[in-house]
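Enquirer: I have a structure here, written as structure tokens, and I will follow up with some questions on it.
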Amino acid sequence: MEWKEILFLILMVGGFLVPAAIAGQWWLFSVFVVFFASFGVVEGIAVWKTGRSVSQKFWDYSKEHKVGAWLVLGSMLLGWLGLLWHLAAKLF
């Protein structure tokens, strides 16, 4: 595994699991554990069946379908912002 992949994993785990655990938000922590486990299973199947990771397959797609790639990324951004807004709603 390259250092960039290790850094990516550290940022993902550190950004999702560690703060939830420190805050004692075990239900939220569990949601992220299920997300990572599910993604890991799909990632493993993708590599096993195609020899390419989910990210590599998206990068391949993005080279030929720039608009589609931006639509996927923009939609993901909207989805995450929606979740953050939902979780922060009672703070405002």
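The values are calculated or read from the model by the stated rules, or taken from the named source; none is laboratory data. From a predicted model like this one, the values you see are computed outputs, not experimental measurements. FYI the Cβ positions are ideal-geometry reconstructions off the backbone, even for glycines, and counts take in every protein chain you see.
Enquirer: Can you tell me which of (1) in the same structural domain as M1 (by TED's automatic domain parsing); (2) surrounded by 13 or more Cβ atoms within 10 Å (Cβ to Cβ) is the one W27 doesn't meet?
Expert: (2)
Enquirer: Look at I6 and say whether it is over 12 Å from the mean Cα position of the chain (by Cα), modelled with pLDDT under 95 and surrounded by 11 or more Cβ atoms within 10 Å (Cβ to Cβ). If you could, list the steps in order and put the result at the bottom.
Expert: On the way: over 12 Å from the mean Cα position of the chain (by Cα): yes; modelled with pLDDT under 95: yes; surrounded by 11 or more Cβ atoms within 10 Å (Cβ to Cβ): no.
Answer is no for this residue.
Enquirer: Further question on the same structure: Hey, can you tell me all the residues within the range 12-31 that are modelled with pLDDT of 95 or more and either within 18 Å of V54 (Cα to Cα) or among the hydroxyl-bearing types (S, T, Y) (or both)?
Expert: Matches in the range 12-31: S30 only.
Enquirer: So, one more: From the list V72, V54, V67, which one is out of contact with any Asp or Glu (no Cβ under 7 Å at 6 or more places or on another chain) and surrounded by 10 or more Cβ atoms within 10 Å (Cβ to Cβ)? Steps first, please.
Expert: Numbers: V54 fails: out of contact with any Asp or Glu (no Cβ under 7 Å at 6 or more places or on another chain); V67 fails: surrounded by 10 or more Cβ atoms within 10 Å (Cβ to Cβ).
Only one candidate passes the filter, namely V72.
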